Structure formats: structure tokens, C-alpha cells
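For reference, the structure discussed in these notes is given below.
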Amino acid sequence: MYKWPVPFAVRTTRADETPAALRSSSVKQAVDLGDTLEMEPTFLVVLAALVVSRALACGDDPSSSSFNATGIVCRLTKAGALVLNEQTAQVIQTAFRHADYPDIKGEKSMNFLGKIAYGLTNIHINDLSIEDSKVNFKEDDAIDIEIHNVSASFQGTLSYGYVGAWLLKLVHSIDFEIASSIDFQIDTKLVCENGQMVVHTSNCYLTFHELTLHLQGDKDPGWLKQLFTNFISFTLKLVLKNQVCKEINFLSQLLADFIMGTATNFLQDGDIGMDISLTAHPVINANYLQSHHKGLLLYKNHSGTSQKSTFAPSLLSESRMLYFWFSDHVLNSLALAAFLDGRLEMTLAGEELQRMLESEELKAHHGILQEIFQGSSYNDSVAKVWSLDAPRISLHPQGTVVESSVAVELSISPLGKGPSAVLYFEKDVTVTIQASYEQKKLVLHLSHATIEPRTVKSSPEIDVDDEALGHFLEKIISVAGIPEVISRLEPVLTSLMDSKGLYLFEIKDPEIVTEKGYFIIQLDFAFPHSLLIDFLKTAL
């Protein structure tokens, strides 16, 4: 039986309304001009603003006491935002093509003709292209997004009729196409309202370079085209100005929930979770977007307690795309939860036990092994290893130092008899670990270990000098026990991270840097386009 993580569990080293779908207004409805026009061209251009924002609760400004309780910090630099912005064009096109546009109806008074009733139906995007998009962080805590030369072709059916003095009504229908070229500029702000992170895109500007109406493919001017061109142009400008900006804000909030949920899930396994609520408003300046999170343990009835943070903005640089800062308090909380959850246990038996005890480094102690096993087979033997208390983790420039009190019990089942404990001992073990992430795998390197004796108990049949037995047990832990734990941790932790979707990301040159009291993960990345498309498919 094996439960993760095992005794020397470590991490790091040096080196109000949430819809089930995106406003699923697939049922068209007719509206009058001047009503709120429901449409679906949603944009993903605020993704860069959302990767490190949105939380269940928000604190005060960075000088407040809540900010001092920060356990996790995330910094997305301008370079990282530009990578995310590369996905904007195709995502916008995907959103446009999944959109349903409402029918529009109304009446217009004309001299000599009386009233003309009209209706625009079956409005849809026929073609869309985007020339360029840019994102900039502004010093006034806003993200400026510019989208240039959005060329969109709308198609639909124009129905119109004349209502004369004798209420004579003639109805005609004609297909139309509208060619448009638009520039967008959106200033996005992240604020805390009612304990939640809210995205505001109130400053949303549209510039129209072209808005041309074609009727049934006829490019020549006619009285009907002249009659409706200005009216339809005005209507579409109103729609694009009012509704597109609403949709940008709506999708931003929905995407924020999606990203926050993904981050929360990444830091959760079984009953163990982490409260990553914000401790302060996000910080946005010309070079980066930065968020501060509690990093408090959530485990059954146990709630983590905050400690004064040692974070300072100067601890993170701006040369990489993405940074994560963790205090050692976060790691100690996770180690405590693993202990309380009964995960710091390991069982060895049969060939696994034999391979460990008959390694090359232990050949000189073969006689002691024979004395302990008294001729019994490894298949009849079980070694149980567990932590006596929660490991204590401290971070230093040399690596992650883990102190753990460990107990080991060896039981043997002689032929025809039940299991009997022949050896029990306790040791205080301190290890220094350095970690790296290479080829999508977590690698743990043991750089130093010290072992201190606590208790040794053996059956009377074991005739070995206490000093020799103590030396042998220390040797087992150093050359076999610790490496065995590390060899199990690496694939288990890698598998856990993969189960959260980490393998989907192209992570470039990741570094894990430990300093006194904290560690930093810094990396460059290529964002998986498929992840955004999957989100849109789910939302739309």
C-alpha cells in the first residue's frame, strides 16, 4: 500500500449570476429600435488581464493588514500578456461565428409614402478577419486593448412594407449584405465589489472606417438603398457600440470564473485545498499585472491561519513571462494536511523490500540482515514507514529543508504463524532538496541529509550489537530509504500535476528558486490554443 506523499514530502528547489453557458440566447427575438439589442459577438481580448485575477474575496490596498497575509503572489509581465494576445484573433472569429443576432423591427415615416414598416431578420456573420491586436498595461491600473481593422461582413433579410392613407400594406423582402471595418479600443479595470473581483470595460471605443450596405448583390445606388443605408448603418453602429462592449465585459467575467476555478482545482487534491482569495486589489503598471492571494489551507474542519507576509515587489523581476511567489507557510500547511490525511505512509514488501535492502551499498552489512530476518523470506516480510508528526519545511538559498520524525516497523510472518514485529525504530531525518521541472517531469535532487537516532527496539532473537545495529539502520535510511521516497514522489507529483492539465502548456526554461522563507517559480510559456477553443465551445 502506498499513499502520497510519503514521509519526506517536499516541494521546490533552487535552480451575482454565473450562467451555465455564454448567454445562450440561441432563440431569436424581435426587438424595437431603441430596445436593448441582444447579440453574441464575444471577445477574448481581456485574457491577459484575467490569468492572475478574480477571487472569492478581496482585501484593501497593498499597505493594509490583509495584504500582509499574502501567501501566494502571481505576476504576469508584458511579455506574457503579448503571448496571450496572440490568441485573440482566432478566438474573436470563433465567438462571432457562434453568435446569434436578434431580429430588429420598426417603422419609419416618409414624405408622400406615409409609414414604412421594416424588419431585419436572419442576421449573421458571413466573414470576419482581424488585422492586428495589441495589449498594454497602463500606470492607472488598467489594461488597454487595441484591435485594428476588424473586417466583418453581415448578411440577412430586409423586409419592408408601405402603410398608406387607406392602410394599404405591401410587403417585400430583399437580401442584404453589410461590409464593415472597425477599430476597437478597450480600457479594462479590475476592481473588488461585494467581495468579488469584477471586470469593468466602461471605456470602450469603436471607430468605423467603413459601413456599406449592398442589396441582393446590387452595388448600384437606388432609392431603396438610399432610404435604408443611413438607417441600417445607424442601427448597426448602435448595436456594435452598446452590445459588443457589454459582451466583452460579460465574457471577461465568465472567463475570470473559469480561470479561477482552474487555478483552485490545480491546488486541490481530495480533501486538501487552498484558499487563494485575494488579499488586495490587483496591481497593474506599465510592465506587469500582479495579484496577491491568501494561500491558506482548506482541509475538512481545519482552517489555516495567516501569517505576516515577507513578500515585496522587488523580489520578482520582469525578465520572464510569468512568476509565482510562495511563502514557506504555504508548504508547511500542505505538509500538515498531508499528515492529517494519513498520506505520509509507505509500505514495502517482497521484491521491493529485497531490492532496497540488498543494494550494493548495503553488502557490507549482509550479516546483520541475516540476523534480522532469521532465514525468513522477503515475501513473508513487510516494512511500514510513517511520519510521527507533520514535517517542518523551511526554505533557504541552498534548497528546501525538510525535517521529519519517522518511524519504521519490520514485521515477519514465519511459516504457519501470524506477523510479528521484529524491529521498530524512530529517526529524526533532515534533508535538503533541490527541484527542477524538465521535459514535463518534476525532478527532485537530494543535496544533503542528516539522520539522528531516537528509539530502537528489536526482538530478543536479533543478536546484534546496539551500536552496529544503529549504524546499519542509519545506513539503510541514507542509501536506500530517502532515495526510495524521492523516486516515488517524482512520478506521483508529476502525475498529479498532469491530472490538472499542466502538460497542455508549453513551459519554457522553468526555474525554481529558493530563498530564505520563500520560493519562486519563473518561466516563459506558449499558451495552448486548444484550451481557449475548448473554453469557447463549452461557453458557447
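The values are calculated or read from the model by the stated rules, or taken from the named source; none is laboratory data. None of these values were measured; they are calculated from a predicted model. Every residue, glycine as well, gets a Cβ built from its backbone with ideal geometry; the counts of neighbours run over all protein chains shown. We work out accessible area using only protein heavy atoms, side chains counted, and drop any ligands, DNA or RNA first. Shrake-Rupley method; radii C 1.70, N 1.55, O 1.52, S 1.80 Å.
Some observations on this one:
- Filtered trypsin sites (Lys or Arg not before Pro), the range 378-417: DSSP coil and at most 15 other beta carbons within 10 Å: Lys417
- Surface calculation, 1.4 Å probe, protein heavy atoms: Lys134 sits at approximately 100 Å² accessible.
- Computing FRET efficiency as 1/(1 + (r/R0)^6) for His396 and Ser129, where r is the C-beta to C-beta distance and R0 is 51 Å, gives about 0.40.
- Protein-only accessible surface at a 1.4 angstrom probe places the residues Ser291, Ser487, Ser411 in the order Ser487, Ser411, Ser291, largest first.
- Ligands, DNA and RNA excluded, the heavy atoms of Val513 present near 30 Å² of accessible surface to a 1.4 Å solvent probe.
- Accessible area per residue in Å² at 1.4 Å probe, computed on the range 446-490: 54 Å²
- Put a dot 7 Å past the Cα of Lys440, heading toward its Cβ, do the same for Ser420, and the two dots end up 5.2 nm apart.
- Using a probe of 1.4 Å, the accessible surface attributed to Glu177 totals some 60 Å² when neighbouring protein chains are kept in position.
- The candidates His365, His302, His471, arranged from most to least accessible area with a 1.4 Å probe in the full protein assembly, appear as His471, His302, His365.
- For the range 327-476, carbon and sulfur atoms together expose 49% of the accessible surface, with a 1.4 angstrom probe and every protein chain in place.
- Accessible surface ranking for Lys457, Lys138, Lys427, 1.4 angstrom probe, highest first: Lys457, Lys138, Lys427.
- Over all other residues within a Cβ to Cβ distance under 11 Å of Ser306, the charged ones net out to +1, with Lys and Arg as +1 and Asp and Glu as -1.
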